[in-house]
Structures are given as C-alpha cells and as structure tokens.
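As structure tokens, the structure follows; a few thoughts come after it.
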Amino acid sequence: MNTRNPEFQRQLWLNWRPALLAWSLGLSLLVLALPLALAPAQELPAALSMTAVTGLWAAAAVYGSVLAGRSLAEEASQNTWDWQRLSALTPWQMAWGKLLGAALPAWLYALWFALAMAGVASARILDRLPVLHSVGLALLWGLGLQAWAMNSVLLSWGQRDRPVNRRRTALLPLLLLFFIPGPFIGRVYDGIFENSSQPMLWWGVDVGALGLAYLTGALVLGLGLLSLWRQLCSRLDVRTLPWAWPLGLAATGFFSAGTVDLGAGAFLGSTAWIALLATAYVALQHMDQQLRAWRQVQWSASRRRWREALEALPLWPVSLLLGFATSVLALFVPGPQGLEISGLLSIHLCLQLLRDCLLLTGFALLAGRLKSPMGSFVIAWLILNIAAPLLAYGLAGQAGAMLVQPVLAMRFAGREAAGQAGAWAAMPWVSLGLQILAILGWVVHVFKERVLGFARDQAPA
C-alpha cells in the first residue's frame, strides 16, 4: 500500500511521526489505568475489559471518523483539491489512502486497546474468541463509519468543491443504528461475551445477533465505499456509468428483505420502497447541479456520445427506473396476501414521484433566473400536494381529492379502494397521467429555453 498508493504515502507524511507512537501508548495506558484507581478489586477484571472495549470502539469509530472527515475538509480549506484533480490518482486510491492513512492515529489507539484486551484474555479473564469478535466488529464498523464521515464532507461541498451551509445528514442513519435500537446492541453484546443470544433469522438462516452485526457492518462498509467511490469519481472528474447507485439500493433491499424472510416478493417490495426514498433524496440533494448535468447530457447526445450522456445523467431517473421495475415485478411474483395491493401502491407512488421530480427539474433548470429554485419548488409542492387536495376535498368530496391527489385519497379511503374496479380504480391513473403530461410540457418548454437555447448561444457562428 505504501509503495503503490501516493495518497497513502502523503497521509503518512502528514500524520506519522515517531512521537505519535509513544504519545498514543501513554494516553491509552492512562485510560486503562482508570479502572485500577476507581473500580473495586472484585470488579476490576470486568471494568478493565469494558474500558478496553470502549476505548477500541471510540478510537476506531469516533476518532477515526473525525480524522477521515477532516482529511477531506482540509483539502477544501487549504485549496489543494484542484491539485488532486489534476493528479493521476484514481478514486479507489484516494479513498483507501485517506481511510488508512488519515486515520492512522486512531488505528494506533485501537491497536493498543486491542492488545490490552488480548492481555486480559491471556490472563483467562476473557476467552480469546470474544476478543477476536470485538476487534473484528470494531474494525468493520470503524471503517464503515469513516467512509460515511468522508461521504458527509463530500455531500456538504458545493459545485466548486467548497464547504457550503448544509446539514450533514449522511451519518444520521448510522447514528440511529448505534443509539436508538438498544435491544439490538444488547443482544450483540450477549452474543459476544455471554454466548446467550436468541435466534435471529436472516433469509431463513439463524445468524444470531453476532452474525447480524457482521452482516450489518458489511452492508454499512460496502455502501459507504460504494458511495465514496461514486462521489470521488464526480469530484475528480472521472466519468463512470451510474451502476453503483442502483447496486447499492438493491443490496440494501436484499438485506432488509432477509430480516423478514418472505421470499422474492419481499425483496422486490423493499427494493422498490428504498428506491423511491432514494429518488426523493438524490433529487433534492443534487438540485443545484441539475442544470449543468442536463446541459452536459444534451451536449453529449448532440454529438452522439451516448456513453458520455449516460455518465452525465442525474441519478434520480436511475433510481426511479429501478423503483418502477421492482414495483411491476412485485405484482407478478407470488407472495403473502396483500402484496399485489402494496405493489400497486408503489407503482402509484412511482408515478407521483415522477411528477414531483419533473416539477423539481423544471425549477432546477430555472437556476439563475429564480432567486431560490428550491424555495419555489417547495411552495409549488405544498400547493400541489396539500393545499389543492384539501380545497378539492372541500368542494367535491372524495372524488375531488382523488382527482388532485389520488395516492393520499386512496390511503384515506381504505385498502378496499385500491382494489376496486371501474372508473374509480382508473381515476388515479388518469389523474396522475394528466398531471405528468402537464408538468412535462412545462419542463420541455423550460428545457428548450435553458438547455437548447444555451447550446445555440454557445455554438460557433
């Protein structure tokens, strides 16, 4: 790694010094000495082991995440990212170089605490297998959290690779995994140290809480690396086909469906819902980049460079297409009762999300003419999805609400309305189809003016 990865060499040069070895060892010994001074003699072995485990996780997950995220933040604050873009570094070299090199001080602390745990185990206070599991999970989850910390920094950058005022919500799902499901963490602890974990099934296989912790950690690390690679490709101007995004969504759907173990129908249904949520997220997150992206798509398509056009395509059509495909397939796959109605609902949601994404795209293409495209979109969305349906319901009852907002109207009407035949069942399709056509016509008009018009202005005389 140190002879083939220039970024890792650079991070070693920035972070490594001989005094770091002694400094980290001294602080680790100081932390490990706290149980000797505070814990009673009969509770000393348990207190010492818990201190070592806590220090191991704090170093790998918390301190390592701070260092990994800071290494990217410093690239922007010190104006060195342009040099990185001009270099021959690949996205994988950049990712692994920073993960292993920038977090080197954290890995040193983790090493000392792991050795302390091994020392306690050698004194027969703990078995060796729990020590191996504790170290393995700390490494797995530590790398995953560090990857997501770097993702959160990249998500906070603007178009010019500078920090902007955005809330870094990329770590929120991981924080929820750590701090909200207390029973999950307790069962993992029991599986490591007490070997009394209750059965936990994943696709019909009893993996136990310990196995589920490994599977979840592998998913977090895999998705973090996949997202980090995709974002570094974008920031380093490395063009790539948008395969990583749907692959990550399908992997998440496969993992979540395995916890309920209801067959292929559950996999398709969970993937469809995850794809819908991801479509809404990525469309909002990248709204300020859509005008540039669609101009690049038009420029590449006009020169018949179809691969480049696909590489420049925004991600929300990709995940929405995945949601459509899995929703349709869920209708034809045998599954538990009610799956057909759920698949039909997800198709309706796909159509409504298509309408909303088209509306967002129209306002995004007006960037530079509107003071706040996001604010204008939010107002239009509230009118279309809340104010207009309530007004229609007050004037024409359920039929009026169904005409303006069919998805919510069906949900309030009950599950039996989703399976009705006749004009009432066809109304959601007609309503959503008319709304999509109307908004699409407006988007096409804006596209001709803002994208095609820009191309004509830039064309040589």
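Do the conditions hold for L72, that is, is it touching a residue at least 24 places away in the same chain (Cβ under 8 Å), aliphatic (A, V, I, L, M), under 19 Å from W229 (Cβ atoms) and not in a helix (DSSP H, G or I)?
no
Within the range 250-265, is even one residue within 29 Å of S327 (Cα to Cα), touching a residue at least 60 places away in the same chain (Cβ under 8 Å) and under 14 Å from the mean Cα position of the chain (by Cα)?
Taking every residue of the range 250-265 in turn, at least one turns out to be within 29 Å of S327 (Cα to Cα), touching a residue at least 60 places away in the same chain (Cβ under 8 Å) and under 14 Å from the mean Cα position of the chain (by Cα).
Could we say that L145 is assigned to a helix (DSSP H, G or I), aliphatic (A, V, I, L, M), assigned by TED's automatic domain parsing to the domain that holds E7 and within 29 Å of V238 (Cα to Cα) here?
yes
L129 - would you say it is part of a helix (DSSP H, G or I), modelled with pLDDT under 55 and in the same structural domain as S65 (by TED's automatic domain parsing)?
No.
Residues checked against (1) modelled with pLDDT of 85 or more; (2) crowded, with 19+ Cβ neighbours inside 10 Å:
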{"site": "L25", "(1), (2)": "yes, no"}
{"site": "S28", "(1), (2)": "yes, yes"}
{"site": "Q42", "(1), (2)": "no, no"}
{"site": "A47", "(1), (2)": "no, no"}
{"site": "G55", "(1), (2)": "yes, yes"}
{"site": "A61", "(1), (2)": "yes, yes"}
{"site": "A68", "(1), (2)": "yes, yes"}
{"site": "E74", "(1), (2)": "no, no"}
{"site": "D82", "(1), (2)": "no, no"}
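Out of all the residues in the range 1-59, which are part of a helix (DSSP H, G or I), under 26 Å from K98 (Cα atoms) and among the charged types (D, E, K, R)?
Those that are part of a helix (DSSP H, G or I), under 26 Å from K98 (Cα atoms) and among the charged types (D, E, K, R): E7, R10.
In the list L268, L320, L313, L329, which residue meets the criterion of being at pLDDT 90 or above, among the aliphatic types (A, V, I, L, M) and out of contact with any Pro (no Cβ under 9 Å at 6 or more places or on another chain)?
Result of the check over L268, L320, L313, L329: L320.
Would you confirm whether any residue within the range 98-120 is in contact with a helix residue (DSSP H, G or I) (Cβ under 9 Å, 6 or more places away or on another chain), within 19 Å of L67 (Cβ to Cβ), assigned by TED's automatic domain parsing to the domain that holds F8 and not in a helix (DSSP H, G or I)?
Checking the range 98-120: at least one residue is in contact with a helix residue (DSSP H, G or I) (Cβ under 9 Å, 6 or more places away or on another chain), within 19 Å of L67 (Cβ to Cβ), assigned by TED's automatic domain parsing to the domain that holds F8 and not in a helix (DSSP H, G or I).
For the range 195-211, enumerate the residues that are modelled with pLDDT of 80 or more, within 18 Å of A266 (Cβ to Cβ) and either in a helix (DSSP H, G or I) or aliphatic (A, V, I, L, M) (or both).
V205, V207
Kindly list, by first and then second residue, each pair from a residue in the range 343-358 that is in contact (Cβ under 8 Å) with a residue 60 or more places away in the chain and closer than 25 Å to A264 by Cα to a residue that is crowded, with 23+ Cβ neighbours inside 10 Å and β-branched (V, I, T), limited to pairs with Cβ atoms under 7 Å and residues at least 6 apart or on different chains.
What qualifies is L353/T279.
Condition first: of a type in the set (S, T, Y), in contact (Cβ under 8 Å) with a residue 60 or more places away in the chain and closer than 15 Å to L226 by Cα. Can you find one or more residues in the range 130-144 that meet it?
no
Given the conditions (1) at pLDDT 90 or above; (2) of a type in the set (S, T, Y); (3) within 25 Å of the chain's Cα centre (by Cα), report the number of the one that S342 does not fulfil.
That leaves (1) as the condition not met.
Run down A283, A278 and say which single residue is in contact with a Cys (Cβ under 8 Å, 6 or more places away or on another chain) and modelled with pLDDT of 90 or more.
When all the criteria are applied, what remains is A283.
Taking the residues in the range 346-375 that are under 12 Å from M287 (Cα atoms) and polar (S, T, N, Q) as candidates, determine which candidate is surrounded by the fewest Cβ atoms within 10 Å (Cβ to Cβ).
My answer is S372.
The values are calculated or read from the model by the stated rules, or taken from the named source; none is laboratory data. None of these values were measured; they are calculated from a predicted model. For neighbour counting, all protein chains shown are included, and Cβ atoms are generated from backbone atoms with ideal geometry for every residue, glycine included.
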